[in-house]
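Asks: Provided herewith is a single structure, encoded as structure tokens, for subsequent inquiry.
FYI, it's all coordinate maths here, none of it is from the lab. All figures in this text were calculated on a predicted structure; none of them were measured in a lab. Cβ placement follows ideal geometry from the backbone for every residue including glycine, while neighbour counts extend to all protein chains displayed.
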Amino acid sequence: MTSTQDLSFLSLVLNASLLVQLVMLLLLSMSIASWTIIFKKTAVLRGVRLDTERFERDFWSGGDLNTLLEAAQRNTRSDAVLEHIFEAGMQEFTKGREIDAARRAMKATYQREMDLLEANLPFLASVGSVSPYIGLFGTVWGIMHAFRGLANVQNATLAAVAPGIAEALVATAIGLFAAIPAVVAYNRAATDVDRLSIRFETFIEEFTNILQRQTAAR
């Protein structure tokens with residue numbers, strides 16, 4: 001077997017110690033889970049953003065509020081967050097024309113929807129912060145294992161210890177591979193969620209003002 005074959009990525013993984021292999025498997029599982037969340041969260045936030053823009057156009061076009069309410073009640077899509085907030089407030093307002101009750105209903109719906117949008121973001125943050133340390137643990141253990149193997153060797157050379165060190169360093173590489181996308185995705189998703197949150201809160205305030213003017217006009 002040539003040295004190139006000995007130091008190939010697959011060979012390094014297969015020849016690593018059991019503990020290092022378990023660390024690699026854990027990191028790979030975390031990476032797969034984070035990428036699954038990344039793709040799903042990207043699609044969800046994009047859908048919410050597009051539906052929010054659509055509903056804002058419909059709402060500010062001057063349409064009848066009751067007509068918008070009927071449309072909102074028919075729309076059961078999970079990405080129609082702003083429409084759900086409007087529906088909660090409008091339904092409560094039509095019951096007793098109480099502004100505070102409508103505002104509380106919108107705030108409650110807003111909080112539930114934000115909890116759903118923020119779901120799994122802590123996992124991405126954890127993967128981004130913990131993965132490098134898990135990989136470093138595997139590397140340290142692998143290097144210790146490689147040097148312990150030299151204890152019974154009379155002529156220790158760099159060629160003898162290099163494969164063991166290379167195997168250990170693969171754990172750090174996999175840790176970084178898991179961490180970097182998770183950190184980037186978390187920062188982007190958190191920013192998108194914050195922007196949507198501001199739009200929702202602004203709508204609640206503006207819609208409350210509209211309801212107050214309608215109440216005062218009667």
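Asks: Straight-line reach from residue 107: which aspartates and glutamates have Cα under 15 Å away, leaving out those fewer than 8 places along the same chain?
Replies: 83, 87, 92, 98, 115, 201, 205, 206
Asks: Packing-wise, with mean Cβ within 10 Å as the measure, how do 179-189, 60-70, 96-106 rank, highest first?
Replies: Numbers: 179-189: 18.7, 60-70: 11.6, 96-106: 16.1.
Sorting 179-189, 60-70, 96-106 by mean packing, highest first, produces 179-189, 96-106, 60-70.
Asks: Now for a different question. Going by Cα centres, segment 23-97 and segment 121-140 are how many Å apart?
Replies: One Cα centre to the other: 31 Å.
Asks: Based on the Cα coordinates of segment 99-143, what is the per residue volume of their convex hull in Å³? Write down the numbers at each step before the final one.
Replies: Working: hull volume 2.3 nm³, N = 45.
Spread over its residues, the Cα hull of segment 99-143 gives 52 Å³ apiece.
Asks: Can you compute the FRET efficiency between residue 212 and residue 121 using 1/(1 + (r/R0)^6), with r the Cβ-Cβ distance and R0 = 45 Å? Round to the nearest 0.05. Write down the numbers at each step before the final one.
Replies: Values: r = 35 Å, r/R0 = 0.77.
Once the sixth-power term is evaluated, E becomes 0.80.
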